[in-house]
């Protein structure tokens, strides 16, 4: 697995996401309150582009009529059939064991470290004083 | 005597209100006469419709299954059922007046006790409830439940409102508490058209449309959360047909995946809930003509536990003695005839059955 510098941190503020190309693969990078997560952009159901889906919370219930809403913004719903995926794990809600989106390790690195490598596929200039999102894929 | 088969859908025929007079309070008995209330026949099973009774089951007056001896002679002696569950379809659910409905439901259950259950130890019955008033319905369950020969609560497939709606829940609470499955039988109280499009104009359309009603009730009970609230409640779809179920579940479960956030208490696929909580009687099966196709439909159910033997006597679902559709795998026959009914109806526990059959 190679490490790819995909975007300056400033390009993906908290609550936002960005579709990036990693070696020909479409990957969507999410910023959840300063933590970054990267998922394959292709929904494992029919291939919808997850990046175009709604980012929402997790609704659960311990009895009919009760709605327990938590983890606001941590669930991505596929724009095609609304299946929910956990942005932190890639697991689907409806069939978590068998149906998941591939996730990739992400880290944030200082530009100063990046210029030393071994990193790939920089398509934008890296400056020493900025921070960058790095996806391992 | 061993348990050879439990027939889970047999219909005793109540031919008119005169039959129930001895079981009505004096006020209602006089009212039947004074108001000229003759019979509570329902359009669901008109007396002369072919489905209502097979010609060879009909007596000289045109009716079939009018007494316990007639029924047990056919379903027990001829067809080998060691026990039969009586589901009486007399139209008490159609009455608009709640008090009359309560009086007739009581009378009907008392008639069943006296004229049927007391006459043959092989018979069991469902409690007919006045759905016009939930409180009355619960009262009737509580009144009948101490008699363990009542093994189920009976309602019709088409009601004033979908069954899962929460105003019905006290009924489910009482049923679950007493170990009584909820039996949903084909039929309507005709408060709503029997199709979702409006009123049909023929009996064939009415009877065929019943399957739509069953589908909607399955969806209602699951999405409203009945099994999240009452996980032990079993629901038996009676005379519903069987072969519509797999396709309906594929559709229902698929849409659940995308829309489950509006019913978050449905925390697993509707298909799984149906396999755990729903059972179906096998007449009619709505079989395809090729037995191999029947076998495939059974595979699509993905459960050996769901089907319950029924003859639907005296309704005309098959000719001769063909009670079990061709293509049902041999290995499943005993489960359908005995094991599944015993596992579904808590009150049919092995000990009490053996006692009454011996």
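The values are calculated or read from the model by the stated rules, or taken from the named source; none is laboratory data. The shown structure was predicted, so the numbers you read here are calculated from the model rather than taken from an experiment. Cβ sites come from the backbone with ideal geometry, for glycine too, and all protein chains shown count toward neighbours.
Quick notes on this structure:
- If only residues of region A:100-137 that are at pLDDT 90 or above and in contact with a helix residue (DSSP H, G or I) (Cβ under 9 Å, 6 or more places away or on another chain) are counted, the one that is farthest from residue A:43 (Cα to Cα) is A:131.
- For region B:268-283, a residue qualifies if it is within 14 Å of another protein chain (Cβ to nearest Cβ) and under 16 Å from residue B:343 (Cα atoms), but none of them does.
- Residue, farthest from the chain's Cα centre (by Cα), within region B:115-149, restricted to residues that are closer than 26 Å to residue B:46 by Cα and assigned to a helix (DSSP H, G or I): B:115
- Of all the criteria given as (1) exposed (fewer than 13 other Cβ atoms within 10 Å of the Cβ); (2) in contact with a helix residue (DSSP H, G or I) (Cβ under 7 Å, 6 or more places away or on another chain); (3) more than 14 Å from chain B (Cβ to nearest Cβ), the one not satisfied by residue A:24 is (2).
- For residue A:75, the criteria (1) in contact (Cβ under 8 Å) with a residue 24 or more places away in the chain; (2) within 16 Å of residue A:18 (Cα to Cα); (3) within 14 Å of chain B (Cβ to nearest Cβ) hold in every case but one, which is (1).
- Positions within region B:65-90 being within 15 Å of residue B:16 (Cβ to Cβ) and more than 17 Å from the chain's Cα centre (by Cα), in sequence order: B:66, B:67
- Some residue of region B:64-81 being touching a residue at least 60 places away in the same chain (Cβ under 8 Å), surrounded by 19 or more Cβ atoms within 10 Å (Cβ to Cβ), in contact with a strand residue (DSSP E or B) (Cβ under 7 Å, 6 or more places away or on another chain) and assigned to a loop (DSSP other than H, G, I, E, B): yes
- If the condition is being surrounded by 15 or more Cβ atoms within 10 Å (Cβ to Cβ), within 9 Å of another protein chain (Cβ to nearest Cβ) and farther than 20 Å from residue B:269 by Cβ, then region A:50-72 contributes only A:56.
- The set of residues in region B:140-160 that are surrounded by fewer than 18 Cβ atoms within 10 Å (Cβ to Cβ), within 25 Å of residue B:114 (Cα to Cα) and free of Cβ contacts under 8 Å to residues at least 60 places away in the same chain comprises B:142, B:143, B:146, B:147.
- Boolean, residue B:269 is touching a helix residue (DSSP H, G or I) at 6+ places or on another chain (Cβ under 9 Å), surrounded by 14 or more Cβ atoms within 10 Å (Cβ to Cβ) and within 30 Å of residue A:76 (Cα to Cα): yes
- So residue B:264, is it buried (at least 18 other Cβ atoms within 10 Å of the Cβ) and away from chain A (no Cβ under 14 Å): no
- Residue in region B:206-218 that is within 14 Å of chain A (Cβ to nearest Cβ) and either within 20 Å of the chain's Cα centre (by Cα) or outside any helix (DSSP H, G or I) (or both) present: no
- Only one of the numbered conditions (1) within 14 Å of chain A (Cβ to nearest Cβ); (2) surrounded by 18 or more Cβ atoms within 10 Å (Cβ to Cβ); (3) under 22 Å from the mean Cα position of the chain (by Cα) is violated by residue B:231, and that is (2).
- Only a single criterion out of (1) surrounded by fewer than 17 Cβ atoms within 10 Å (Cβ to Cβ); (2) part of a loop (DSSP other than H, G, I, E, B); (3) touching a residue at least 12 places away in the same chain (Cβ under 8 Å) is not satisfied by residue B:163, namely (1).
- Checked against (1) buried (at least 19 other Cβ atoms within 10 Å of the Cβ); (2) closer than 20 Å to residue B:321 by Cα; (3) in contact with a helix residue (DSSP H, G or I) (Cβ under 7 Å, 6 or more places away or on another chain), residue B:53 meets all criteria but (3).
- Flag for residue A:47 being modelled with pLDDT of 95 or more, more than 30 Å from residue B:169 (Cβ to Cβ) and out of contact with any helix residue (DSSP H, G or I) (no Cβ under 6 Å at 6 or more places or on another chain): yes
- Screening region A:98-109 for residues that are more than 14 Å from residue A:3 (Cβ to Cβ) and surrounded by fewer than 17 Cβ atoms within 10 Å (Cβ to Cβ) and picking the one that is farthest from the chain's Cα centre (by Cα) gives A:98.
- Just so you know, in region A:78-97 the residues that are within 12 Å of another protein chain (Cβ to nearest Cβ) and more than 27 Å from residue B:229 (Cβ to Cβ) include one that is surrounded by the most Cβ atoms within 10 Å (Cβ to Cβ), and it is A:85.
- Test for residue B:348: is it modelled with pLDDT of 95 or more and under 30 Å from residue B:119 (Cα atoms): no
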